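Here is the structure we will look at, set down as structure tokens.
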Amino acid sequence: MSYKLLDGKDLAARMKKAMASEVETLTAEGIVPGLAVVIVGNDPASRIYVNSKKKDCAEVGIKSFEYALPEETSEEELLGLIDALNQDSAIDGILVQLPLPEHLDEAKVIRRINSEKDVDAFHPFNVGELMIGRPVFAPCTPAGVMELLNDAGINVAGKNCVVIGRSNIVGKPMAMLMLHDNATVTICHSKTRDLKAVCKEADILIAAIGKADYITADYVKEGAVVVDVGMNRNAEGKVTGDVDFPAVSKKASAITPVPGGVGPMTRAMLLKNTIKACNMHKKQSLS
Ligand code: NAP
């Protein structure tokens, strides 16, 4: 069967072009969206993520402010910085790069961010708003998946959607977004019995496991849509998803590549949330 490639790189580029023009209009009115990116410690992967977020911001005209704090930063110091950023009118969005060093309480740090600047949508207020079906900010990765499906004309309503993974940042919000769009959703995890049989019922299968090439062709129904959220490194150090692309693409009607699928969409959604935050703050200051 020939498949449609769900090209996140292409859609993210189109979204960034539209966002750059929106930001240009805002800037002409004297309003520059601002994103604060806070990184604590020297985790190399976190450094790569922060650099790419700053680059994305520059591409669309969002001003990014980096706060790189040493590994030994105390919780009090970090919370103090967040309080200051909450008050700073140049900052529309605050992103604390996770994971934080072990001595810092991530949940406490996230709760301290003003929910109106929580562009990652990890604050319990925004998690609650998502749960009741009126998200202000949707978490970037699952929201990016929904954009990708919508752009390809794939409607989830009435479909059997299976999400593998129940993390707070991917699996659970993914399921919730699909449910709100009228999908029948099953969430699977490491304790799910007969995962293969459950996955084979899926019209749309979302893999967010974190295990390279785990989803082989025998997990997939002929003609299913397959979205691979996974980002893993294989034995050769190459980035690979959770899905065995060469085999699964022979059965799928549509499938995301890794890299170039969900990853670029996650990054684009962060920009979208930051511009949304900026528009919200601007309206407030005018009213
Ligand atoms: P996570 O917190 O480690 O969650 C993984 C989930 O997979 C858990 O719910 C776990 O079940 C489940 N799982 C693990 N092994 C399984 C198995 N054998 N069968 C069924 N379920 C299994 O990871 P995450 O943060 O959600 O991320 C998942 C993947 O997406 C990772 O590769 C990550 O790098 C990637 N990711 C990509 C992006 C992007 O932009 N592309 C963004 C975020 C994450 P239990 O709950 O039972 O342990």
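Read-outs: derived from the displayed coordinates by stated rules, not from any lab. All values derive from a computational prediction rather than experimental measurement. FYI the Cβ positions are ideal-geometry reconstructions off the backbone, even for glycines, and counts take in every protein chain you see.
Sorted from largest down, what three extents in whole angstroms do the Cα atoms of the chain have along their principal axes?
52, 42, 37
Counting Lys and Arg as +1 and Asp and Glu as -1, each charge on the Cβ, what is the dipole of the range 1-152 about the Cα centre in debye, to the nearest 20? Let's see the in-between values first.
Values: 15 positive and 26 negative charges, 127 e Å.
The calculated dipole for the range 1-152 is roughly 600 debye.
What 222 nm value per residue comes from the helices of the chain, counting each DSSP H run with n ≥ 4 as -39,500 (n - 2.57) and dividing by all residues, nearest 500 deg cm²/dmol?
Values: 10 runs with 123 residues, N = 287.
Roughly -13500 deg cm²/dmol at 222 nm, from the helical runs in the chain.
Could you tally up the Lys pairs in the range 140-263 with alpha carbons closer than 23 Å? Skip any pair fewer than 8 positions apart unless they're on separate chains.
29
List, largest first, the extents of the alpha carbons of the range 148-287 along their principal axes, each in whole Å.
That works out to 57, 39, 30 Å along the principal axes.
Can you tell me the dipole magnitude for the chain around its Cα centre, using point charges on the Cβ only (Lys, Arg +1; Asp, Glu -1), in Debye to the nearest 20? Kindly include the intermediate steps, with their values, before the conclusion.
Numbers: 33 positive and 37 negative charges, 175 e Å.
Around 840 debye, computed over the chain.
Along its three principal axes, how long is the range 27-164 when you only count alpha carbons? Whole Å, largest extent first please.
50, 41, 29
What stretch of the chain, leaving out the sites themselves, is the longest with no trypsin sites (Lys or Arg not before Pro) in a DSSP loop having at most 11 other Cβ atoms within 10 Å? Don't skip to the answer; put the middle values down first.
Details: sites that count: Lys191, Arg193, Lys238.
In short, 1-190.
Return an integer: the convex hull volume of the alpha-carbon atoms of the range 95-187, in Å³ per residue. Don't skip to the end; give the middle numbers.
Numbers: hull volume 9.0 nm³, N = 93.
Normalising the Cα hull of the range 95-187 by residue number yields 97 Å³.
Residue-wise, which Karplus ³J(HN,Hα) couplings in Hz belong to the range 23-28, taking 6.51 cos²θ - 1.76 cosθ + 1.60, θ = phi - 60°, and x for glycine or proline?
With the stated coefficients, the range 23-28 comes to 5, 4, 4, 4, 4, 5 Hz.
Round to the nearest 0.05 the FRET efficiency obtained for Glu77 and Met280 when R0 = 25 Å and r is the Cβ-Cβ distance.
Values: r = 28 Å, r/R0 = 1.13.
Using R0 = 25 Å, I get an efficiency of 0.30.
Using θ = phi - 60° and the Karplus curve 6.51 cos²θ - 1.76 cosθ + 1.60, what whole-Hz ³J(HN,Hα) does each residue of the range 134-146 get, with Gly and Pro shown as x?
Couplings: 9, x, 7, 10, 9, x, 4, 5, x, 5, x, 5, 4 Hz.
Is the range 133-206 best put as rounded, prolate or oblate by its Cα gyration tensor, with a ≥ b ≥ c the root eigenvalues, rounded for a/c under 1.5, and otherwise prolate when a/b is larger than b/c, oblate when not?
Numbers: a/c = 2.03, a/b = 1.34, b/c = 1.52.
Oblate.
Where does the charge balance sit around Ile209 when Lys and Arg score +1, Asp and Glu -1, over other residues with C-beta under 11 Å from its C-beta?
Values: positive: Arg166, Lys211; negative: Asp213, Asp228, Asp242.
Residues close to Ile209 contribute a combined charge of -1.
For the chain, find the longest principal axis of its Cα atoms and tell me its angle to the long axis of helix 171-180, 0 to 90°, nearest 10.
80 degrees
In debye, nearest 20: dipole of the range 140-263 around its Cα centre with unit charges on the Cβ of K, R (+) and D, E (-)?
It comes to approximately 340 debye.
Arranged by the count of other C-beta atoms within 10 angstrom, fewest first, what order do Leu95, Leu205, Leu79 take?
Leu79, Leu95, Leu205
Among Ile209, Ile31, which comes first, then next, by fewest other beta-carbon atoms within 10 Å?
Working: Ile209 24, Ile31 16.
If I rank by nearby Cβ atoms, fewest first, I get Ile31, Ile209.
Once amide H atoms are built 1.01 Å from N in the peptide plane, which residues 5 or more positions from Ser167, or in another chain, come under 5 Å H to H?
Amide H neighbours of Ser167: Lys172.
Using the Karplus curve 6.51 cos²θ - 1.76 cosθ + 1.60 with θ = phi - 60°, work out ³J(HN,Hα) for each residue of the range 151-160 in order, rounded to whole Hz, and write x for Gly and Pro.
Ordered by residue, 3J(HN,Hα) equals 4, 8, x, 9, 9, 7, 4, x, 7, 7 Hz.
Only Cα pairs under 8 Å and at least 6 apart count here; give the relative contact order of the chain as a rounded whole percent.
In percent, rounded to a whole number, it is 22.
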